[in-house]
Amino acid sequence: MELHIRNITKTYSNGVKALGNINLTIPAGMFGLLGPNGAGKSTLMRTLATLQEPDEGSITLGNLDVLNQKEEVRQTLGYLPQEFGVYPKVSAEELLDYFAVLKGITNGASRKEVVESLLRQTNLWDKRKQQLGGYSGGMRQRFGVAVALLGNPKLLIVDEPTAGLDPAERVRFLNLLSELGENSVVILSTHIVEDVSELCTNMAIINKGRILLEAEPLQAVASLKGRIWRKLIDKQTLPQLEQEHKIISAKLLSGRTMVHIYSPEHPGGGFEPVEPDLEDVYFSTMTGNYTPALQQLKTEEANA
């Protein structure tokens, strides 16, 4: 099953153009939608989740028309929004059972089996009697996944799921998402590059409502090989360096600044080559340097 997004646009009443002619083909497995806050990720996720209408365009999930068959889509949809509320004085087991009824699982024995299975899958079974108000951020996120998985959805949407989680909770959560991507279309919307690099076999980068890049992460990284260079500099020399090179990122490191630049050839000046990673792909794309690199790679392959 594939999700096809064609020519989706959305402009809000205040004049903000949240989405501009979005086109994506998303296969089964983990798909990363990567972009900064305000890029249009949540607008696209809410549209896919049938919570708002686009101005133009079409979306199909297999044989389903997402925009015109909302009820059918909701029967096979799981959605974990960036922020969701829970009843703090209700246990996880009680609330999940309630949501299961809303999902149409009315047989008591079947519902009990489903609730237990999902709480075990999300590693919450031992805390099933605990009130949700006492859950950590990571535990609440895992409970949200349990709710989203009711009904064995074919499309699972998770919006900024690891924001605010501590490192241990983040690893547990990402491992859970990785397991889910084996049988469904799972869209991970995030601004955290590491989430995509560790999980997703396909990805897109979005900014200002437009898709800047759609690629396989490993292929995208490979296309930058030999084109990323780094140098440790004093912060006050950064403005001059910006005049001379295509800087894609600059990070503080032990009181100095580590600069990564894009250049097809050795830039000299004390720069050293560095193996690119997905963060370099992300910053190269955001600064407008990635597309020429990919085009050059394709030209080289065609002439080989």
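The values are calculated or read from the model by the stated rules, or taken from the named source; none is laboratory data. Computed from a predicted model, the values in this text were never measured in an experiment. Ideal geometry is used to build each Cβ from the backbone, glycine not excepted, and the neighbour counts take in all protein chains shown.
Quick notes on this structure:
- Residues located in region 88-109, provided they are in a loop (DSSP other than H, G, I, E, B) and either of a type in the set (S, T, N, Q) or not assigned by TED's automatic domain parsing to the domain that holds Gly134 (or both): Thr106, Asn107
- Considering residues of region 1-31 that are under 16 Å from Leu180 (Cα atoms) and of a type in the set (A, V, I, L, M, F, W, C) only, the residue nearest to the chain's Cα centre (by Cα): Phe31
- Restricting attention to region 262-280, the residues being under 31 Å from the mean Cα position of the chain (by Cα) and more than 19 Å from Ile205 (Cβ to Cβ) number 5.
- Just one of the listed residues (Tyr282, Tyr290) is modelled with pLDDT under 90 and aromatic (Phe, Trp, Tyr), namely Tyr290.
- Filter result for the condition that a residue is in the same structural domain as Lys154 (by TED's automatic domain parsing) and acidic (Asp, Glu), over Glu279, Glu198, Glu265, Glu242: Glu198
- Thr237 passes every criterion in (1) out of contact with any Ser or Thr (no Cβ under 7 Å at 6 or more places or on another chain); (2) outside the structural domain of Met286 (by TED's automatic domain parsing); (3) β-branched (Val, Ile, Thr) apart from (2).
- Those helices (runs of 4 or more DSSP H) of region 161-244 in which at least 3 residues are under 17 Å from the mean Cα position of the chain (by Cα), considering only elements entirely within it, cover 167-180, 193-199, 217-222.
- Verdict on Arg120 being crowded, with 21+ Cβ neighbours inside 10 Å, part of a helix (DSSP H, G or I) and either out of contact with any helix residue (DSSP H, G or I) (no Cβ under 6 Å at 6 or more places or on another chain) or outside the structural domain of Leu80 (by TED's automatic domain parsing) (or both): no
- Set Ser110, Ser13, Ser42: member being among the hydroxyl-bearing types (Ser, Thr, Tyr), under 13 Å from Gly209 (Cβ atoms) and at pLDDT below 95: Ser42
- Residues located in region 248-270, provided they are of a type outside the set (Phe, Trp, Tyr), part of a strand (DSSP E or B) and surrounded by 15 or more Cβ atoms within 10 Å (Cβ to Cβ): Ile248, Ser249, Ala250, Thr257, Met258, Val259, His260, Ile261
- Qualifying residue in region 55-63 (condition: in a loop (DSSP other than H, G, I, E, B) and surrounded by 18 or more Cβ atoms within 10 Å (Cβ to Cβ)): no
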